[in-house]
Amino acid sequence: MVLELGPELADVALQAEEASGPTLENEGAAALAVGLAALAAGYAERGIGAAAVGAMAEDDDMFVPGLIMTVLPETLVILALVVVFIV
């Protein structure tokens, strides 16, 4: 079935190249960049948050390093927003 769709997909791809104008506007690209950065930060924070809470439960001195490690992925979203506003 995949082999049968090959020529049809190639025709669609060639027609897309002939279309004039961008397929994604600047605002859409900016929204996609910030959204993907937020998704990546949430995915990274999933494992980091669990490990940080476990470390803090065992040792109270791990609060500051755990907090810093938990907040670090959020800088991805902040940097994405900065890039959007600069560009």
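Every number here is computed from the coordinates shown, using simple stated rules; none is lab data. Please read these numbers as outputs of a predicted model, since none were measured by experiment. Note: ideal-geometry Cβ built from the backbone for every residue, glycine included; neighbour counts use all protein chains shown.
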Q) How large is the dipole of segment 25-86 about the Cα centre if only Lys and Arg carry +1 and Asp and Glu carry -1, each at its Cβ, rounded to the nearest 20 debye? A) 220
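Just to confirm a number: summing +1 for Lys and Arg and -1 for Asp and Glu over residues other than V84 whose beta-carbon lies under 14 angstrom from that of V84, what do you get?
Values: positive: none; negative: E25, E27.
For residues surrounding V84, the net value is -2.
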Q. Modelled label-to-label distance, F85 and L24, 7 Å Cα→beta-carbon offset: nm?
A. 2.3
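Taking R0 as 35 Å, what's the FRET efficiency between L36 and F63 from their Cβ-Cβ distance, rounded to 0.05?
On the way: r = 31 Å, r/R0 = 0.88.
Using R0 = 35 Å, I get an efficiency of 0.70.
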Q | Derived scalar couplings ³J(HN,Hα) [segment 64-73; Karplus, 6.51 cos²θ - 1.76 cosθ + 1.60; whole Hz; x for Gly, Pro] | A | 5, x, x, 5, 5, 5, 6, 7, 3, x
Q. Is segment 40-87 best put as rounded, prolate or oblate by its Cα gyration tensor, with a ≥ b ≥ c the root eigenvalues, rounded for a/c under 1.5, and otherwise prolate when a/b is larger than b/c, oblate when not?
A. oblate
Q) Which ³J(HN,Hα) values in Hz, rounded to whole numbers, follow from the phi angles of segment 37-46 under the Karplus curve 6.51 cos²θ - 1.76 cosθ + 1.60, where θ = phi - 60° and Gly and Pro get x? A) 5, 5, 5, 5, 5, x, 5, 5, 6, 4
